[in-house]
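Chemist: First, the structure itself, so that you have it in front of you.
The values are calculated or read from the model by the stated rules, or taken from the named source; none is laboratory data. As the structure is a computational prediction, the values presented were derived from the model and not from experiment. We place every Cβ from the backbone using ideal geometry, glycine too, and count neighbours over all the protein chains shown.
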Amino acid sequence: MLPLFDPSAATDRFQGLFEYVSDGMMLVTPEGYIADINRGGYERLGYTKAEMVGMHMSALDAPESPADFPPCIAGQVPDEIAISRSAHKRKDGALIDVETSSRRIELDGKQYFFIVCRDIGREKEQEQQLQLIRFVMDSAYVEIIWVDKHARICYANDRACLSLGYSKEELLRLAVPDIDPLFPAERWGGHWLELREAGSQFFETQHKRKDGSVFPVEIVANYVKFGDTEYNIAFVRDIAERNLHEKQLEHLAHYDALTGIPNRTLLIDRMQQALAHSRRENKLLVICYLDLDGFKPVNDELGHKAGDRVLIEIASRLKNEIREGDTVARLGGDEFVLLLVGMENPEELAGTLQRLLASIAHPVVVDDKSIVLSASIGVAVYPDDDADADTLMRHADQAMYVAKQSGKNRCHLYDPEHDQRVRMHHEVREQIKHGLKRGEFHLFFQPKVDMRTGTLAGIEGLIRWTHPQRDLIQPAEFLYAADNTDLDIKLGEWVLRSAMEHLREWKSRGLGLELSVNISSFHLQSDGFVEYVKNILDEYHDVPPELLQIEILETAALEDIGRIGHTIEACRTMGISFALDDFGTGYSSLFHLNHLAIDTLKIDKSFVQDMMGNSAGRAIAESVTALAKAFNRKIVAEGVETEQQIVALLDMGCEIGQGYGIGRPMSAEALMVWIENWHQE
């Protein structure tokens, strides 16, 4: 049997609940006065119960709250609940945000409003934070997409909507496979497990817009869990522009900016690959190093823009002449390299090279001006030249230089023996430079005498090198390495200075000896030769210039007789005399004799040595002597070794001689001893 309802006990229980519920509860009269309030209400507002009972509700209203109580609820019917939000003012003046729910009730025959007040400050703060988060995400430059474990899109920020071309409502009806063609539904399960295990992932994929177009994206995906709900929060960045920029940088790094063909970096990479393939397949690999002949005047006369147009045209022609799989690259300036692979035989290569030369030789028209160029091409061929890629290109470069030196508009195949000679020349040149600095060079002296009277007629100075490892080195063993180089000039200047130094010393001893020295045609034709001679004569002003004689080879005079003639004339006005060495060995000797202001002719020793047993040799010696007398020139015979030669030379009218039969080349100290003994004899 159910217990009887006890109204008084129910009232006590209600009062207990009313008093200890955490939300604020109050009974308010229709006029707005508080008739009763629970602990949760007055303690939250900082009052005692006694202070609040009888207080008008308007005393709790914040300044901005609408003062419309009780009219706002006066019209309420029983059982109707009114809910509103406002701010209540605490006793200390602080404001708290509340949500109020009110209902009209009747107690003991009187009308009241039962009002429940809930503090929503924390909730409002959280809502504001959430709004801020949403604002930040919608303002983000990257796409932000929330996806649940079933691949459904739960949130997308404004940037994602803009990038994909959907509205937010449309996106929230889609799943990952709808926007990522590389992520079909069957892949999602495995991806989700990997993400949940790792916590985050970074990868690149593609996204598909509403219009069907796709673009590359970079994604940072993070696994998060709120309560029992799991999400994949993806930060997505469009990398189409970055990829394009990287491709542009890649192109700039590997292709020539002017012509668009490969540059040195890409060429070396392709050469290494081609070389590896040629080694495996035992195929020919050809490197052609090409330099345009006569390109500098194009830039100088027509300007760099015209020069650039010429280079672009040449690059295009070279590309048209090679096969698919071959490479033409520009190293810079007017230098190109061709990489030719898979050739079967040398004949095929020869045909290709001829086509290249012919193509380049065809005129290039720039601004109605016809420009005709040629090319020098150096060629290195693997496996004949079994070297690495860098060395092969260096060898082709060396061969190109030989082609240019040989007359241009031609090809030259790299020759390992020639390369060895080039390296040897370089080593000798470096040793000569060090030798000049260390004072290893000296003049040796060979006397010239009047064979009829026995008097000393002059001295010839001959350069010698006292090498620290090889002792005394003859000129023929090192001068070749300096031919036609700046070092040739440095050696000649050293010879002239050393000659003047010895002449000064001999003069101080009372010896007025003529000293002749050999100067190369390259030095004689150099721009600064005459000026150097003038300066050194000024420096040794106490030495009569008539004591210095310069010997040049007749074969050297052949090179540029006009320029050499002007140089001789300029030096002779300073008092210096000239001798023509090896006279008779060159062509048109009579022509040279007539056009060069030479003081002395020297009969080459080959004629002197042949004249005793060879009528032709004697005839030449007699002819040279006769020419010298006819043109009023002094005559000196070289290579005199025997008494019979001296007698024969005197018979034909040649009185001055030098050679081993008179005196060998000797040091300066030995020369003084020789002179003393010669005079005694």
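Chemist: Restricting attention to the range 280-290, does a residue exist that is of a type outside the set (S, T, N, Q), crowded, with 16+ Cβ neighbours inside 10 Å and out of contact with any strand residue (DSSP E or B) (no Cβ under 6 Å at 6 or more places or on another chain)?
Modeler: Checked the range 280-290: no residue is of a type outside the set (S, T, N, Q), crowded, with 16+ Cβ neighbours inside 10 Å and out of contact with any strand residue (DSSP E or B) (no Cβ under 6 Å at 6 or more places or on another chain).
Chemist: Among Leu174, Leu182, which is hydrophobic (A, V, I, L, M, F, W, C), at pLDDT below 85 and assigned by TED's automatic domain parsing to the domain that holds Thr229?
Modeler: Values: Leu174 fails: at pLDDT below 85.
The conditions single out Leu182.
Chemist: A follow-up question, please. So which residues in the range 182-207 are touching a residue at least 12 places away in the same chain (Cβ under 8 Å) and not in a helix (DSSP H, G or I)?
Modeler: Matches in the range 182-207: Leu182, Phe183, Gly199, Ser200, Gln201, Phe202, Phe203, Glu204, Thr205, Gln206, His207.
Chemist: State which residue is farthest from Ile656 (Cα to Cα) when the search covers only the range 432-468 and only residues that are crowded, with 16+ Cβ neighbours inside 10 Å and among the basic types (Lys, Arg).
Modeler: Going through the qualifying residues, I end up with Arg464.
Chemist: Here's something else I'd like to know. Select from the range 208-222 the residues that are surrounded by 14 or more Cβ atoms within 10 Å (Cβ to Cβ) and either at pLDDT below 85 or over 14 Å from Ile145 (Cβ atoms) (or both) and list them in ascending order.
Modeler: Matches in the range 208-222: Lys210, Val214, Phe215, Pro216.
Chemist: Suppose we filter Glu655, Glu676, Glu643 for residues that are under 25 Å from Leu511 (Cβ atoms), surrounded by fewer than 14 Cβ atoms within 10 Å (Cβ to Cβ) and in the same structural domain as Phe441 (by TED's automatic domain parsing); which single one remains?
Modeler: One residue alone meets the criteria, Glu676.
Chemist: Which members of the range 304-321 meet the condition of being farther than 25 Å from Asp269 by Cα and either exposed (fewer than 13 other Cβ atoms within 10 Å of the Cβ) or touching a helix residue (DSSP H, G or I) at 6+ places or on another chain (Cβ under 8 Å) (or both)?
Modeler: Selection gives His304, Lys305, Ala306, Gly307, Val310.
Chemist: Name the strands (runs of 3 or more DSSP E) wholly within the range 448-519 that hold at least 2 residues that are in the same structural domain as Val640 (by TED's automatic domain parsing) and within 24 Å of Arg421 (Cβ to Cβ)?
Modeler: Of the strands (runs of 3 or more DSSP E) lying wholly inside the range 448-519, those with at least 2 residues that are in the same structural domain as Val640 (by TED's automatic domain parsing) and within 24 Å of Arg421 (Cβ to Cβ) span 456-467, 471-473.
Chemist: Restricting to the range 407-432, and then to whatever is of a type in the set (D, E, K, R) and out of contact with any helix residue (DSSP H, G or I) (no Cβ under 7 Å at 6 or more places or on another chain), can you tell me which residue is modelled with the highest pLDDT?
Modeler: It comes out as Glu430.
Chemist: For Leu596, work out the one condition from (1) among the hydrophobic types (A, V, I, L, M, F, W, C); (2) loosely packed, with under 14 Cβ neighbours inside 10 Å; (3) modelled with pLDDT under 85 it doesn't fulfil.
Modeler: Among (1) among the hydrophobic types (A, V, I, L, M, F, W, C); (2) loosely packed, with under 14 Cβ neighbours inside 10 Å; (3) modelled with pLDDT under 85, the lone unmet condition for Leu596 is (2).
Chemist: Touching a strand residue (DSSP E or B) at 6+ places or on another chain (Cβ under 8 Å) and among the β-branched types (Val, Ile, Thr), is that true of Val422?
Modeler: It is false that Val422 is touching a strand residue (DSSP E or B) at 6+ places or on another chain (Cβ under 8 Å) and among the β-branched types (Val, Ile, Thr).
Chemist: Additional query: Which of the strands (runs of 3 or more DSSP E) contained wholly in the range 10-123 include at least 1 residues that are crowded, with 17+ Cβ neighbours inside 10 Å, in contact with a Lys or Arg (Cβ under 8 Å, 6 or more places away or on another chain) and modelled with pLDDT of 80 or more?
Modeler: Fully inside the range 10-123 and qualifying: 24-28, 34-37, 95-107, 110-119.
Chemist: Right, something else. Answer with yes or no whether Leu267 is within 22 Å of the chain's Cα centre (by Cα) and in a loop (DSSP other than H, G, I, E, B).
Modeler: In short, no.
Chemist: Hey, another quick one. For the range 232-243, state whether one or more residues are in a helix (DSSP H, G or I), modelled with pLDDT of 85 or more and of a type in the set (Lys, Arg).
Modeler: Within the range 232-243, not a single residue is in a helix (DSSP H, G or I), modelled with pLDDT of 85 or more and of a type in the set (Lys, Arg).
Chemist: Something else now. On the basis of being at pLDDT below 85, at negative phi, in contact with a strand residue (DSSP E or B) (Cβ under 7 Å, 6 or more places away or on another chain) and not in a strand (DSSP E or B), does Thr585 make the cut?
Modeler: Spelling it out, it is not the case that Thr585 is at pLDDT below 85, at negative phi, in contact with a strand residue (DSSP E or B) (Cβ under 7 Å, 6 or more places away or on another chain) and not in a strand (DSSP E or B).
Chemist: Restricting to the range 639-667, name every residue that is in contact with a Leu (Cβ under 7 Å, 6 or more places away or on another chain) and small (Gly, Ala, Ser).
Modeler: The one that is in contact with a Leu (Cβ under 7 Å, 6 or more places away or on another chain) and small (Gly, Ala, Ser): Gly657.
Chemist: Right, next: Please enumerate the residues belonging to the range 322-354 that are farther than 13 Å from Val286 by Cβ and surrounded by 13 or more Cβ atoms within 10 Å (Cβ to Cβ).
Modeler: Ala329, Arg330, Leu331, Gly333, Asp334, Glu335, Phe336
Chemist: Could you go through the range 475-492 and let me know if any residue there is in contact with a strand residue (DSSP E or B) (Cβ under 6 Å, 6 or more places away or on another chain) and surrounded by fewer than 20 Cβ atoms within 10 Å (Cβ to Cβ).
Modeler: yes
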